[in-house]
1. Does any residue in region 450-472 that is over 17 Å from Leu410 (Cβ atoms) and among the acidic types (Asp, Glu) come within less than 8 Å, Cβ to Cβ, of a residue that is at pLDDT below 90 and loosely packed, with under 11 Cβ neighbours inside 10 Å six or more places away or on a different chain, and which pairs are these?
2. Looking at region 187-196 only, could you name the residues that are open to solvent by 90 Å² or more (accessible area, probe 1.4 Å) and touching a residue at least 24 places away in the same chain (Cβ under 8 Å)?
3. With Ala189, Ala148 as the choices, which residue is within 37 Å of the chain's Cα centre (by Cα) and modelled with pLDDT under 75?
4. If you go through region 384-399 one residue at a time, do you hit one that is open to solvent by 70 Å² or more (accessible area, probe 1.4 Å), in a loop (DSSP other than H, G, I, E, B) and at positive phi?
5. Could you list, in sequence order, the residues of region 56-98 that are under 18 Å from Ser110 (Cα atoms) and open to solvent by less than 40 Å² (accessible area, probe 1.4 Å)?
6. Scan region 406-436 for residues that are within 19 Å of Glu367 (Cα to Cα), at pLDDT 80 or above and out of contact with any Lys or Arg (no Cβ under 9 Å at 6 or more places or on another chain) and jot them down.
7. Restricting the search to region 197-238, which residues are without any contact (Cβ under 8 Å) to a residue 24 or more places away in the chain, in a loop (DSSP other than H, G, I, E, B) and open to solvent by 90 Å² or more (accessible area, probe 1.4 Å)?
Amino acid sequence: MRPGRLFWKFFFAFWLALLVAGAAVGTAVWLHREALERERSDVGRMQGVAEGPRADMAVAAAASVLTHGGEEALRRLLAEWSGERTPRVLVVDDAGHDLLGREVASAALSEARGWRDDGGRRQPVRQVSGPDGRRWTLFVPARGGEGARERPPPPEGGRPPPPGRHGPPPANPWIPIGGGLLASVLFSALLAWYLSKPIRSLRWALGSVAAGKLETRVRPLMGARRDEIADLGEDFDRMAGQLQSLIVSQRRLLHDVSHELRSPLARLQAAIGLLRQDPSRLAASLERIEREAGRLDDLVGQLLTMARLEAGVRDAPKARIELFDLAASIAEDARFEAHSLGRDLSFHGEGEAEVTLRVELIQRAFENVMRNAVKYTAEGTRVEVVAGLEEGYFVLRVDDAGPGVRPADLEAIFEPFYRCGSGQGADGFGLGLAIARRAVDLHGGTLRAMNRPEGGLRMEIRLPLGGAAQKE
């Protein structure tokens, strides 16, 4: 499964937080190093005396060679040391000249001459007399020895300050920690607000719907965001719209059912009242009562079918059937009914379309559409029924020669209890086409109505031939 837009928002938010935290830490380290380099540059310009075991040993060795071997032996030794990783020992006479002619910083020489021999075995500065009696000052400059510590010159006539009292300030660990903490808090707060705001809107919308305000919509509250939460808001709005439509349809259905039941019940009560007043009219009253009871039974049966279709009819059995044969059989029955009404019906269909579906529902859909056309076609005309195959669909077209339907009512005729006329055929309950539409929809097909240019109405049923298209 590919990561969604919300994943990438999380990813880039945390990544940006890490980058900012890293940049803060890096900036703190860079500033510290810059300060360190500036201080080292200042100390390097002073050319102080280096301390440490290596510097002490190098100075001691050079002093011994000068004392016992003379200046020439020391020159050879220093020449050999120049190519090795040894401290750079300066040998300066009283006039301030180095034995090898190297440049000597006055500040470094002043510091070296300010040292006093405290009798220790190791001294960073030695005052040595050569065999010829010349006095030499031997020391390692602070920037000349590897690992030597840089220190400022001591006070005149005194020793340098103790090690560790001077030098670069230690790094402050709170600078990178504070930078990372500030960045994480900032981006965490922004991310939490970004995520919690639409969730609060969804919570408010859920509460409103639970309180009965089905017109509540949450997508406009989410602005221009495009991610999984926005998709969830759209799904919520779609759910709320469907709930609102179902509740409205249920209320309208209850109103229509009560209205439809009231008329036959009133006629039943009237027939019973007449029978009580005049017992001699028993036969006529019983016939009326039987007819109204039949209408009530038919109405209840259609209401039960409609309720099953609205619920999905998951328990309805499926069977494999040939649709052309089914349509031809129903057309034959409809032709018999049409002849009794002074009308006719013709069927044309060639091909094979064997599919697995809920036969009872599709049979009722075909029958309702054809019988509806027979009712509304003009007397002496013919209903034309044509079945065929088109691009993976079984198509059944039923054309009548009736008055047609107003364009505004082409969808309304599929609503329960909707009757678009008061003329012939208008004595039904208005449930036939509604049941047919829902039965076809349940199988992944479509049922639509259209006015014919030459007059009359066309009903077109399209059913997919693939069983996978059927809704479970």
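The values are calculated or read from the model by the stated rules, or taken from the named source; none is laboratory data. For clarity, every value in this text was computed on a predicted model and none was experimentally measured. All Cβ positions, glycine included, derive from the backbone under ideal geometry; neighbour counts span all protein chains shown. Protein only, heavy atoms only, side chains kept; ligands, DNA and RNA dropped before computing areas. Shrake-Rupley method; radii C 1.70, N 1.55, O 1.52, S 1.80 Å.
1. Glu472/Arg314
2. First, pick out the residues of region 187-196 that are open to solvent by 90 Å² or more (accessible area, probe 1.4 Å): 190, 193.
Listed by number, the list holds a single entry, Leu190.
3. Details: Ala148 fails: within 37 Å of the chain's Cα centre (by Cα).
The unique qualifying residue is Ala189.
4. The answer is yes; a qualifying residue exists.
5. Pass one, region 56-98, residues under 18 Å from Ser110 (Cα atoms): 59, 88-98.
Across region 56-98, the qualifying residues are Val59, Val89, Leu90, Val91, Val92, Asp93, Gly96, Asp98.
6. Leu433, Ala434
7. Once the filter is applied, which keeps residues that are without any contact (Cβ under 8 Å) to a residue 24 or more places away in the chain, in a loop (DSSP other than H, G, I, E, B) and open to solvent by 90 Å² or more (accessible area, probe 1.4 Å), region 197-238 yields only Lys213.
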